[in-house]
Structure formats: C-alpha cells, structure tokens
Amino acid sequence: MSQYEVTFAGFGGQGIMTAGQLLAYAGIEEGKQVAWIPSYGPEMRGGTAYCTVVISDHRIGSPIISNPRCACVFNRPSFDKFTPRIKPGGLVIINSSLINVTTDRTDIDRILIPANDIAIKAGNPKAANVAVLGAFVAATRIVKLETVKQVIKEKMARKKSMLEMNYRVLEEGRKLAMDSLKGRKVKV
C-alpha cells in the first residue's frame, strides 16, 4: 500500500463520522500518515453526511479525493452518489439492510453487509457503522483488526458490555466480508 482512500457516506446519525475517525485513529496508531475530512449536509442528524479517510505510507499530498478506492455506503442516496465515483479496481461496501440494489459495475468488487440487522441483533442499532468498519478492514487489510479493537476500547468503551457488543459487531462484519470475498484480497 502506498495510499488508500475510502469514503463513508450515509444519513447523519448513522455513525458515519465515527467510523471514519476510528479508521483514522487506527492508522495513526500504526504509524501511518492519515487525513480525515468530514462533510455534513444541511442538518446533522437526518441530513447527508460523509467523510473521507486517506491512509498512506508517505506524506499525503492532498486529502481532497474525488474518486476514492472504496466507498462504504449506508443508505440509497449515498449509494447513488458515491458508487459511480469509485476508481476502477476499487470496492463498494453496501449496507444491505437499507439498500436493496447493487451496482452493475463490473470493474469494482462489492460486499453486501446487513449492518443494521447485525447491530439490532447485537442489541444496539447504532452499531451498524462498526459492522461496516469490520468489513472494510477485513477486505482491505489497510490496518489490523486488533488495532481497530484497541481504538474502539480507547475511544468508545464506557461500559464493558458496550465494548463486548462492539467487538461482536466488528467481528460479524469481518466474517461476512471474508465470506463474500471467499478468501480473495481486495487490491490495495
């Protein structure tokens, strides 16, 4: 990996910014160069929100990315907006709990993760972002899953039960991504 760009996108309140921050912190923990750029729609909760994370082994020339290598989309408007922008050879991770379509693009990989269903089953509907983050990390291996777990513990663990729930959701996302790719590694 020299540089990898990912956009997390969805409605405000879906944990889009948190997913990007957790990934960015994991990159920093591993000594990588990182840029996290948030963007909010007209209203925070319920409006559109997205962030781009750039992780690199060298200095980042510009954190502004029009065409990321990956998009993690949490709702249909984000799917429609960001999937066409993914670079050829890239990846889209789709929250299949809320998006009932998939891309026709044959030049990118896709992973369907029922993120909301996973989070609800685990007992916290707000943890869908962690399921998608688990899928992203498993597919790309940009950072280590153990590093993400440590960051979750440092940044989100107010109660042991919440920490364990987030770990279960992260692991479920990881497993589904691995099953979807059937052992193939996404180009990094």
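For the residues ILE16, ILE113, ILE142, a GNM of the chain with alpha-carbon springs under 10 Å puts the largest fluctuation on ILE142. Computed on the Cα trace of segment 63-151, the radius of gyration divided by the Kirkwood hydrodynamic radius gives Rg/Rh = 0.97. I want to verify a result. In a Gaussian network model of the chain, Cα cutoff 10 Å, which of these has the top mean-square fluctuation: ILE64, ILE93, ILE55? Evaluated over the chain, the most mobile residue of the options is ILE64. Here, P(r) means the percent of Cα pairs in each 5 Å bin from 0 to the largest distance; for segment 3-181 it is 1, 9, 19, 23, 23, 16, 7, 2, 0.
Taking a straight line from the alpha carbon of LYS126, these lysines sit under 25 Å away, with near neighbours fewer than eight places off in the same chain left out: LYS81, LYS144, LYS149, LYS153, LYS155, LYS159, LYS160, LYS175.
Read-outs: derived from the displayed coordinates by stated rules, not from any lab. Values in this document were obtained by computation on a predicted structure and should not be read as measured data.
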